[in-house]
Amino acid sequence: MKIGIATDEITLDEFSILDEFKQRNIETELINLKKFLFKSSESTYDVIKSLDIDAIVNRATSKNLREISTENFEMAGINVLNSYGIEWISNLKTRTKDAFRKKGITTIDHILIPRFPIIRKSDGKFAFNKKIAKEIETLILNEFGEAVIKPMAGSRGKSIIHIGHIGDFTNECLETFRNYQITGNLNNDTVYQCLNNAYGIYAERFIPHALDLRIPLEQIYGKKSEVLGCLVRAVTDDSIVAKNTARGAIPLGIETPSEYRTLVLKCVEAMFYSARNCGYNADYLYGGIDIIPMCNDRKEREKVYKAVRKITQFKKDKIDPAKNRLKVALDRWYKKFTLKDLSPQLEVKEALKEHDNMYSKFTSLPDYIEAQKVIKEHLDLCTPYANEFNSRPDFRNNTHNVTSADIPASIFHVVKSIVD
């Protein structure tokens, strides 16, 4: 068996997957998608077939790159984790939510307005229309009262604008455009990403929540789903809208509540149904279902924030520096990387040991254990909303697998089922 690992970036997650396959004596081929040229279809398929691999794990960080490369791999006859049908559904928020709703799953209301307040003109420069910005803002606020604007295919919590009053969105656009006029750069990620899609301005109803959950699982069609844990992404204050660990949220692992376990299994069924109903093959998947636990009680949310604040400083002082040192070491290692010698250099070994040690101390803190207890009690008071499916979840880079699930082994298990 020979497995391809396709990616545009090597993080600790990819390193862990490669190492897992090495420990199992599985031959691997690293496919650098940054250097992979998608030429005419016949030429591309010939290149893919020449790799002589049995299946591919696609770990591209870019959703668009992951989707188009998966499509090409499959059209060349190679099965990919995840399959194109799953990527197609999960890479647009509207498709995922529609798949959930068709199976009666409660998800967050959204609106898509096919207009833009800032447009790129034929000469390549940008122009701002304040009237359109106000009209879009008014439509969203009239629909929801309070909302978040996101890119249609965003990830890692980037590019989110929270609006609750007239002027929030318009002023954000105006400030962005004024800065562009001075610097020549449209440097607001949210505005820029909202402009660079073919659909329009996308917004969701704002759901008050102190944390969100990512529940990783594996599924082979026709067999029992395997829930791999429950990752809590918690923050310290109501003002923090994005709960992603890549944006600084605190990762905690808890036992998956039965209500949430049932919900994610329904979500997976819905995704399989939707993909197959649209004519795509969908026989297996690995990824994480994101759940928003709504809590309208400000005092109850504050209990979570208070507990999380007690462990935040340890993460900032100990984990974050260790993680940064490991990233530097991995980057240096990757420059000399060969699949024939996956053994990390001494610098990586030492950085990895420190990184793992810091997380071990973190999860042993009495305040961490207390935060787990507070969160479990908090979830009993919440209403869960299924939100998204992430087909490339972080599991060690930002969270160190605090869910206690052996994610690389799970990925191997699904890949082996594909080949077998």
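Values quoted throughout were computed directly from the atomic coordinates according to the rules given, and no laboratory measurement underlies them. All values derive from a computational prediction rather than experimental measurement. Cβ placement follows ideal geometry from the backbone for every residue including glycine, while neighbour counts extend to all protein chains displayed.
Given R₀ = 60 Å, FRET efficiency for residue 98-residue 122 by Cβ-Cβ distance, to 0.05? Show your work: numbers first, answer last.
Values: r = 34 Å, r/R0 = 0.57.
For R0 = 60 Å, the calculated efficiency reads 0.95.
Longest segment of the chain with no trypsin sites (Lys or Arg not before Pro) in a DSSP loop having at most 15 other Cβ atoms within 10 Å? All intermediate terms of the calculation are to be shown ahead of the outcome.
Values: sites that count: 24, 34, 35, 39, 103, 115, 121, 125, 156, 158, 223, 224, 336, 340.
Longest run free of exposed loop sites: 225-335.
Could you name the lysines whose alpha carbon sits less than 29 Å from that of residue 299, not counting residues in the same chain fewer than 8 places away?
List returned: 150, 158, 243, 310, 315, 316, 373, 376.
How high is the FRET efficiency from residue 52 to residue 334, r the C-beta distance, R0 25 Å, rounded to 0.05?
Details: r = 24 Å, r/R0 = 0.95.
Approximately 0.60, to the nearest 0.05.
Once label points are set 7 Å from the Cα along Cα→Cβ at both residue 32 and residue 419, what is their separation, rounded to one decimal in nm?
Distance between the two pseudo-spin positions: 2.4 nm.
Stretched out fully, how many nm does the piece from residue 377 to residue 353 gain, at 0.36 nm a residue minus the Cα gap?
Working: separation 24, 0.36 × 24 = 8.64 nm, distance 3.36 nm.
Here the segment from residue 377 to residue 353 would lengthen by 5.3 nm.
How far apart, in nm, are two points set 7 Å out from the Cα along the Cα-to-Cβ line at residue 146 and at residue 325?
4.2 nm
Between residue 240 and residue 179, what FRET efficiency comes out of the Förster formula 1/(1 + (r/R0)^6) with R0 = 30 Å and r the beta carbon distance, rounded to 0.05? Provide the component values of the computation, followed by the final result.
Values: r = 24 Å, r/R0 = 0.78.
The value I calculate is 0.80.
Holding the Cα-Cα limit at 18 Å, pick out from 63/93; 22/223; 63/125; 223/416 the pairs that are longer than that. It would help to have the intermediate numbers written out before the result.
On the way: 63/93 12 Å; 22/223 27 Å; 63/125 26 Å; 223/416 14 Å.
In this structure, 22/223; 63/125 exceed 18 Å between Cα atoms.
With labels modelled as points extended 7 Å from the Cα through the Cβ direction, what inter-label distance (nm, one decimal) is found for residue 364 paired with residue 187?
4.4 nm
Under the classification rounded if a/c is under 1.5, otherwise prolate if a/b is larger than b/c and oblate if not, where does the range 43-148 fall, given a ≥ b ≥ c as square roots of the Cα gyration tensor eigenvalues? Let's see the in-between values first.
Working: a/c = 4.39, a/b = 1.68, b/c = 2.62.
Oblate, because a/c is 1.5 or more while a/b does not exceed b/c.
Excluding residues on the same chain fewer than 8 positions from residue 121, give the lysines whose Cα lies under 19 Å from its Cα.
Candidates past the 8-residue exclusion: 130, 131.
Hey, which aspartates and glutamates would be in cross-link range of residue 318, C-alpha to C-alpha under 19 Å, not counting anything within fewer than 8 residues on its own chain?
Straight-line reach from residue 318, under 19 Å: 347, 350, 354, 356, 367.
As a check on your grasp of the helix formula, calculate [θ] at 222 nm for the chain: sum -39500 (n - 2.57) over DSSP H runs of n ≥ 4, divide by the residue count, round to the nearest 500. Write down the numbers at each step before the final one.
On the way: 14 runs with 189 residues, N = 420.
Helix-only estimate at 222 nm: -14500 deg cm²/dmol.
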